Structure formats: C-alpha cells, structure tokens
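Single-structure report; data block below.
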Amino acid sequence: MKHTETKSLDHESIKQLDSLLQKRFHGAANIKGIRYQILYSVYLAMQLYKDGSSDWHLQLEGIEDADLRGINTDTCYIQIKASDRSWNWAMLKRPVSGFLEVLKKNPTGKFCLAVDFPLHGDIELLARINSLKGKDSDRIRKKFRNLCRDLGAASDEADQLSAGLNIRSRSERDICIASRQHIAEAFNLASEAIDIYLQVLVSRFLDWAQQRRTINRSDLDKVRIEVGEALSRESNFQAYGLGLIDRLHWADDCNTSDYFDGKRTRPGHIRAGLDVPRVNAGLKMLQFGRCEYVPPVPMDYSVSVCVTSSASLSLRR
C-alpha cells in the first residue's frame, strides 16, 4: 500500500472512531486519550494473537489501563497515556503511583508505560535507565527515587520499579499501521476488509473496556468469524449482509404471548411446541378486513400465515 493511501486510511479510521466515541461519551470525555488507549489495546491483543499463543489473557481496566497477564508466567501491568505535548518529569507521578500500588501486590511484576508522544530529556533517559552508566545513571536513579518517595515509596521499591519499567513511545498512526499488519497476517486478509475488521475490533474493545472484561484468543476468534460471515453474506446475498434478514435460531422461545397475538412470531415458538392455531391473529386480520375468518382447526394441524397484498390463512398437515 502506498504511503498516501495509508495516510488516507488512517485519517478515515480516526474520523470514524471519533464519531463513535462522541456518540458514546457525548463529547464530554478525553476523546484523544480514549482513542489511543483503545487503539493500543487492539494492537496489543492482535500482536499476541498473531504470535500464535493461546495461553494469554488481557484484562481491560476501564478505559484507563490495560493489564496483560499469562505470558511466560509474568505479569506486565500497562498504562496507556496520550498527550498533545511531551511530558515533563512531574507528569510521571500519576502512572508511577499506579505502578507502585501494583508493585506492592506483585513484587515480581513487569511494568510498561505506553505513550503517543516523543520522549525527551530526563524521561528519555529514564526509558534507558537500565543501560545508563556513570553520572547520568546516578542522577536519574536519584531523581526517580525522590519521585517515588514523594508518593510514599522506599528507595528499594523505586529501584525495583525502575528495573522492571519499560517506557514505549509509538504514535497513533504507527499503532494503526501495525494493527492493520497484525490483522492482515493473523486473519489472512489482503484487501480493504482489513479496515472493517479494525473498526469492529475498536468498537468491541470499547465495550469490553467499559465492562472491564478479561479477553483472550477465543474472543478475537469470534470477531474474526462474525465479521467474515457478514462479509461473505453481503457478497452473496445483499439483504442478508445488510441485516434486513437474519439466520434462523431454533432455541426454545418461552414468550408465548407474542406467538398467540401474532407479534414477532419466531422459529423458537415452533421449537417450544407452539405450532398451533393462531386464533387471535385470525381475528385481528378479520378486524382489518384483510381476510375471511378461519375457525380454529384440530391440534394436529398447524397454521401458517402468508402475507401478500391480501393476507390469507393456509392449513398444512
């Protein structure tokens, strides 16, 4: 795909996502922050899916964070943050506070701060703290200890956190491109259908995040199957693909009043043993002058209604 085409698709996807978020939150929320969090969560899940492992779980913590569990028996606690400008050191307080709370419960945990802005200054050095040497290393470690101390943590807790902390910077556009690549490879796609899958995944992840759901590979498999079936139905039968009609479901339907009153008759009514004379429906049709009244028939007959320009009742044994 050419660069200009990719840029156009990114812009269109973001516009559609913004429209969805505006409807959900009525413009009162941090749309940019939520958008990046959801897109990053989709990217992360599709990366795990593409890698082929079935032993992973991703727990979405509201629309704030993502908690990744079940990979190599380690726990990686991830916070996803977006900002219109690069952070200064003081902006680290909120995510570090969350990390310290988790560290107390899980001393062996791993931590990741995923951001959409470039890393500069001391935050960029903090992202490389485990490879720093000399004065830079001593200065950043001391500064990070002071930050953690202001949050009520001891120096050894600060060192433990910094040792397991990974700070990643990826733009929203890069996340969109990477997510498409993961979807294409994992679902074996090579067309504009990739964007349809991405849009559906974003919508599902938004719902799951609000529910604080824990998702796994089977959840993504369901999305893959559902979207694939919908696209196949639309290409073969437009009315089915557009949702004007749907497949029959034969589970028992215990809402008998709908059946006898002639409202939204469903296959489940037949499955529940309600395939009997519909007297009320016949009376209603008679009332509106659409057919002649047919008296009740014996119980070993069923009544089907054929609605045309003038509705009629027919009997079948």
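The values are calculated or read from the model by the stated rules, or taken from the named source; none is laboratory data. Since the structure is predicted, the reported quantities are computational estimates derived from the model, not experimental observations. Every residue, glycine among them, receives a Cβ derived from its backbone with ideal geometry; neighbour counts consider all protein chains shown.
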Of I175, I215, the only residue that is closer than 21 Å to G33 by Cα, touching a Leu at 6+ places or on another chain (Cβ under 9 Å), buried (at least 18 other Cβ atoms within 10 Å of the Cβ) and touching a residue at least 24 places away in the same chain (Cβ under 8 Å) is I175
In the range 97-128, anything touching a Lys or Arg at 6+ places or on another chain (Cβ under 7 Å) and either modelled with pLDDT under 90 or β-branched (V, I, T) (or both) is listed as V115
(message) With the structure loaded, tell me whether L231 is in contact with a Gly (Cβ under 8 Å, 6 or more places away or on another chain), at pLDDT 70 or above and surrounded by 11 or more Cβ atoms within 10 Å (Cβ to Cβ) or whether it fails that test.
(response) yes
Scanning the range 201-227 residue by residue, those polar (S, T, N, Q), farther than 18 Å from H182 by Cβ and either part of a helix (DSSP H, G or I) or modelled with pLDDT of 95 or more (or both) turn out to be Q210, Q211
Of the residues in the range 182-200, those that are assigned to a helix (DSSP H, G or I) and without any contact (Cβ under 8 Å) to a residue 60 or more places away in the chain come to A184, F187, A193, I194, I196, Y197, V200
Considering only strands (runs of 3 or more DSSP E) wholly within the range 67-171, the ones with at least 1 residues that are under 28 Å from the mean Cα position of the chain (by Cα), in contact (Cβ under 8 Å) with a residue 40 or more places away in the chain and surrounded by fewer than 16 Cβ atoms within 10 Å (Cβ to Cβ) are 165-169
